[in-house]
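Q: Structure below; questions to follow.
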Amino acid sequence: MKLASLLAPLAAALLLAMPAAHAAGGKVFRYAFEIAETGFDPVEISDLYSSNVIANIFDPPLTYDYLARPIKLIPNTLAAMPEVTENGTLYTMRVRPGIYFADDEAFKGAKRELTAHDYVYSIKRHFDPRKRSPNLYQFEGQMVGMDEVLADARKNNRMDYERVAEGLRALDRYTFQIRLKQPNYNFLYYLAYCNLTCAVAREVVEHYGDRTAEHPVGTGPFRLAFWKRSSKMVFEPNPNYREDLFDGTPPADDAAGQFILSRLKGKRLPLVDKVEVYVIEEPQPRWLAFLNNELDFLERVPNEFANVATPNNELAPNLRKRGVRMERTAGMELTYSYFGMKDPVVGGYEPEKVALRRAIVLGQDVGAEVRIARKNQAITAHSPIGPGALGYDPDFRSTATEYDPAKSKALLDMYGYVDCNGDGWRDLPRKSAADECKPFTIEYASAPSAQQKPLDENWKKNMDAIGINMAFKKAKWPDLLKESKAGKLQMWGLGWSAAIPDADAFFVMLYGPNGGQANHSRFDRPEFNRLYEEAKRLPDGPERNAIYREMNRLFLVYAPWRLGVHRIYTDLSQPWTIGFRRHPVMRGFWKYVDIDQPVLAQASR
């Protein structure tokens, strides 16, 4: 708290100019990220915060009805929903004419229209080995002819963007097709996920080269106006943005959705003149900035202030009196701590390796994490599937989060993880009493933040109790992400938010061929991979759910992760901020947010 107290004045100074921007007459929407962005090129990013930014700059072919629940796909840049034929393997899409990219020097003064060729080029970029796309796993093995293109690109270390593949091609200026090798019932959702299918202009990539991630140019509602890395981003409306009017179909009994629709229906988007995003990693400065009216919106109340902001999960009286609005949502997401399955200590599939991981799982108290570190703003996870996703069973219970230190110790003893040198810590198993003791330490990677501290303390306390020496590798989150993709971390705790509303969005993190991409643990078992591939060919229903149950069983047997929680998101909006509604998977919400200037002016007096 001393550190947070020192940071609070810095945050206040950082945000000092914000009320003046409002007072000048423009509508400015201001909020903060708790983790820094990594860049703005869709093909290069996988982190949530950068993904949230690009979803407001670029356009995928499809999007979601912002207010519809259950969620509903609708055309975005397409003239209509894709035409799906040939038993669900051929998708034909027609881009709506008259959509233009934001002006940029890469276009040499010309007004640049969005075409079908832009979508073909943008999807091909994932197959370019020089891009090292973290999302290639979603496309690899899917499109007819593209695996051959990828193989040649890897062989020659050069992507041939002129090469036409049957599975990905433009038929004319506005029409393109994607032909799949076999049906994929989630593919329509891919067409609404910006990291996979947002359109990037080839001229921009060729103009900026390795600096493309610093110069995002899209057809979406906003463009980047200012960027100070890991500190501040400012976005302004794209002057070339097409006519887009606010609409939605909330359920009749959805009071919050109906209120937003009544206030904003028919208004041209985007609604604000500027979006300012600040990176404030420490929770106290972020919370104080909202209380001081320096932020218009607080995305996810920090756990440290949950009891102050929402005692008994109700909005605090002082905030209610101010007109603050609260929305609580069970995120379609998951937290987990993975074991590096190629690590010589915690990895591997031999019985003693599985026993070590299962003992660590049994010895770690997720319930204490929920109560103490997360202030009851989460529910314990019993499977890798996030709430609300197709395939999620709210009644499913497992031993995945069982806490039993006695059973943990017995398992470690049984497989020879005992203290053989008398230093108080367990050592690696010995084949015979004559072998020398081999000490080991579990290194858990974590970011140096106040929010992470109680989580680390819980881990350390629990591992001490079962005799395992745990140390912590501290580094900034973007740096840990790079190391994780390179397979250099022994253990790391992550959160995963679904990009598509299906259990596949979670099991993809355990599919062997995705190692080094979504699969950070590099878990790889033939029987699990076979089931994953089988499930991908089936629609949602009892047959696929039975496969998911078997995948869950294998997950529990091998324990490549320590399952964590599903977090409860509590978002707060100032009384003058209208339009925010957390969507289960949609990330581009800025254009739907408005600032009620009379209410803001009244609050500023």
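The values are calculated or read from the model by the stated rules, or taken from the named source; none is laboratory data. Please read all numbers here as calculations on a predicted model, not as lab measurements. Cβ: placed from backbone, ideal geometry, glycine included. Neighbour counts: every protein chain shown. Each accessible area value is taken on the protein alone, full model and side chains, heavy atoms only, with ligands, DNA and RNA left out. Shrake-Rupley method; radii C 1.70, N 1.55, O 1.52, S 1.80 Å.
Q: Can you tell me which residues in the range 406-434 are charged (D, E, K, R) and either within 40 Å of the chain's Cα centre (by Cα) or open to solvent by less than 60 Å² (accessible area, probe 1.4 Å) (or both)?
A: 407, 409, 413, 426, 427
Q: Right, here's the next one. Look through the range 267-284, keep the residues that are among the hydrophobic types (A, V, I, L, M, F, W, C) and in a strand (DSSP E or B), and return whichever of them is surrounded by the fewest Cβ atoms within 10 Å (Cβ to Cβ).
A: 279
Condition check ((1) part of a loop (DSSP other than H, G, I, E, B); (2) within 25 Å of residue 355 (Cβ to Cβ)) across all residues:
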residue	(1), (2)
551	no, yes
554	no, yes
557	no, yes
567	no, no
571	no, no
575	yes, no
582	yes, no
587	yes, no
591	no, no
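Q: If we only count strands (runs of 3 or more DSSP E) wholly inside the range 150-234, which ones have 1 or more residues that are small (Gly, Ala, Ser)?
A: Strands (runs of 3 or more DSSP E) meeting the threshold: 168-170, 222-228.
Q: Name the residue that is farthest from the chain's Cα centre (by Cα), counting only residues in the range 173-185 that are farther than 13 Å from residue 83 by Cβ and open to solvent by 10 Å² or more (accessible area, probe 1.4 Å).
A: 173
Q: Within the range 519-533, does at least one residue satisfy the condition of being touching a helix residue (DSSP H, G or I) at 6+ places or on another chain (Cβ under 8 Å), part of a loop (DSSP other than H, G, I, E, B) and modelled with pLDDT under 95?
A: no
Q: If you go through the range 330-350 one residue at a time, do you hit one that is under 25 Å from residue 304 (Cα atoms), in a strand (DSSP E or B) and among the aliphatic types (A, V, I, L, M)?
A: Checked against the condition, which is being under 25 Å from residue 304 (Cα atoms), in a strand (DSSP E or B) and among the aliphatic types (A, V, I, L, M), the range 330-350 yields at least one hit.
Q: Go through the range 285-314 residue by residue and tally those that are farther than 13 Å from residue 570 by Cβ, assigned to a helix (DSSP H, G or I) and open to solvent by 30 Å² or more (accessible area, probe 1.4 Å).
A: Result for the range 285-314: 2.
Q: Do we have residue 347 as open to solvent by less than 10 Å² (accessible area, probe 1.4 Å) and at pLDDT below 95 here?
A: Numbers: open to solvent by less than 10 Å² (accessible area, probe 1.4 Å): yes; at pLDDT below 95: no.
In short, no.
Q: Next question. Return the residues of the range 365-390 that are more than 23 Å from residue 507 (Cα to Cα) and touching a residue at least 40 places away in the same chain (Cβ under 8 Å); say none if nothing qualifies.
A: 365, 368, 369, 370, 372, 373, 374, 375, 376, 377
Q: Looking only at strands (runs of 3 or more DSSP E) that fall completely inside the range 44-120, which ones have 3 or more residues that are in contact with a Gly (Cβ under 8 Å, 6 or more places away or on another chain), open to solvent by 10 Å² or more (accessible area, probe 1.4 Å) and at pLDDT 95 or above? Outline the logic, then answer.
A: On the way: elements: 62-64, 73-75, 83-85, 90-94.
Where strands (runs of 3 or more DSSP E) fall fully within the range 44-120, none carries at least 3 residues being in contact with a Gly (Cβ under 8 Å, 6 or more places away or on another chain), open to solvent by 10 Å² or more (accessible area, probe 1.4 Å) and at pLDDT 95 or above.
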